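Beneath this line is the structure, given in structure tokens, with notes to follow.
Read-outs: derived from the displayed coordinates by stated rules, not from any lab. These figures come from a predicted structure and were not determined experimentally. Here the Cβ is made from the backbone with ideal geometry for all residues, glycine too, and neighbour counts use every protein chain on show.
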Amino acid sequence: MSTHVLICDDSSFARKQMARSIPDNWDVSLNFAENGEEALTMIREGKGDIMFLDLNMPVMDGYQTMQVIRNEDLPCLVIVVSGDVQPEARTRMVAMGALDFIRKPIDNDKLTSLLRQYGIYSGDSAVSQTQDAALTPGKASDEEKLDAYRELVNVAMGRAGENLAKLMGEFIHLPIPNVNLLESNELLMAVAEINHNESVSAVSKGFVSAGIKGEALVIFSDTNTQNIVELLRYESTVGGHRQELEALMDVSNILIGACLNALSEQLSLRFSHSHPILLGRHQGLDVLLKDNIRHLDKIMAVEIGYAIKSRDISFDLLLLFPDDAMERIYTRFVDKEGA
């Protein structure tokens, strides 16, 4: 009898990735859910003997889903598959009853080893190498490409969050990445709307490789800066202004470096980085960005909002790519997935 395997992830691209990682010799019936609410319905219908569960999803996230499974004692073995690899995330999910925690992107051998460890599957780790038609660059719609970019960034976001959690000793709340293709004037208007004339500081770092270039910015609300300084506990005798600047640069280097390294791994390339620069302090974000994007027609803008809720700290990582980089990114990503 086939094992009912449920893959729960809000990304269609991620669901395909996970499905393609299932060993060929494992007799399974695959089912898919876009969020925890859908997954719970399928489990109650007997369609989820084993579930691979993402954490960051709309409607109902992985934490909420796991709590319901525990409260109702639903008959489902849960393995978390997430880009959020902070130790606390794993600890929280295992404490609620998850079997284990797998880092995205999936490593087939590690997946098979884990399944054997729990007596779920005893065969080899071979998987079909036939590339899914939906992952072929020439056949993908713009929405399918944006979905792939979100998953690419989701993994990078998680790596950056993990490094930041180690630096600060706090749990970092990670969002669903916001990825949009915009005209440059649309981005400025969107920034002005989100920013609400709030005074911010921003650190910028450029990067380039294999015809793919972009800019990464970390944006700090001026109301958060002192909280960040206090959390980092600098043993420094320099004045408050110097400490604030040091904190902004340190956090920016951690976030941008970890994020770009994770993107590099997934795209099989190595980015060259420029030195980080302080774009400005105590200004509106739209003013800080204007000179950086006015020469571009279309921009792929990736917005990631990090938060340390226990300390009332939040800041944004903004990745900006000119539109001519989009196809190169998608092609490299998909080619590696199909390799």
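Things worth noting here:
- Using alpha-carbon coordinates, inclination of helix 240-267 to the longest axis of the chain, degrees: 40 degrees
- Lys, Arg +1 and Asp, Glu -1 on Cβ, resulting dipole of the chain about Cα centre, debye, nearest 20: 780 debye
- Theoretical ellipticity at 222 nm over the chain - DSSP helices of four or more residues, -39500 (n - 2.57) apiece, nearest 500: -13500 deg cm²/dmol
- Subtracting the Cα-Cα distance of Ala19 and Lys336 from their residue separation scaled by 0.36 nm leaves 112.5 nm.
- Asp124 versus Val208: modelled label distance in nm, points set 7 Å from Cα along the beta carbon direction: 4.6 nm
- Here the extension length gained between Asp27 and Ser141 equals 37.9 nm, from 0.36 nm per residue of separation less the Cα-Cα distance.
- Distant-in-sequence amide contacts of Val85, defined by a placed amide H-H separation under 5 Å and a gap of 5 or more residues or a different chain, comprise Glu162.
- Correct option for P(r) over Cα pairs in 10 Å bins from 0, in percent [calculated from the coordinates] among [x] 5, 23, 27, 19, 13, 9, 4, 1, 0; [y] 6, 28, 37, 22, 6, 1, 0; [z] 5, 24, 31, 24, 12, 3, 0: [z]
- Which of Thr112, Thr41 has the fewest Cβ neighbours within 10 Å, and the rest in rising order: Thr41, Thr112
- Residue by residue, the stretch 143-149 carries 3J(HN,Hα) couplings of 5, 5, 5, 4, 5, 5, 4 Hz when phi is fed to the Karplus relation 6.51 cos²θ - 1.76 cosθ + 1.60 (θ = phi - 60°); x denotes Gly or Pro.
- Angle between the chain longest axis and helix 326-338 axis [Cα atoms, degrees, rounded to 10]: 30 degrees
- Under 5 Å, built H, 5+ apart or other chain: amide partners of Val127: Asp24
- Crossing angle, helix 12-21 versus the chain [Cα axis fit, 0-90 degrees, rounded to tens]: 50 degrees
- Karplus-derived 3J(HN,Hα) values for the stretch 87-94, using 6.51 cos²θ - 1.76 cosθ + 1.60 with θ = phi - 60°, are x, 5, 4, 5, 4, 5, 6, 5 Hz; glycine and proline are entered as x.
- Simple rule: put +1 on each Lys or Arg Cβ and -1 on each Asp or Glu Cβ in the stretch 32-170, find the dipole, and look at Met60, Met42, Leu115; the Cα lying farthest toward the positive end is Leu115.
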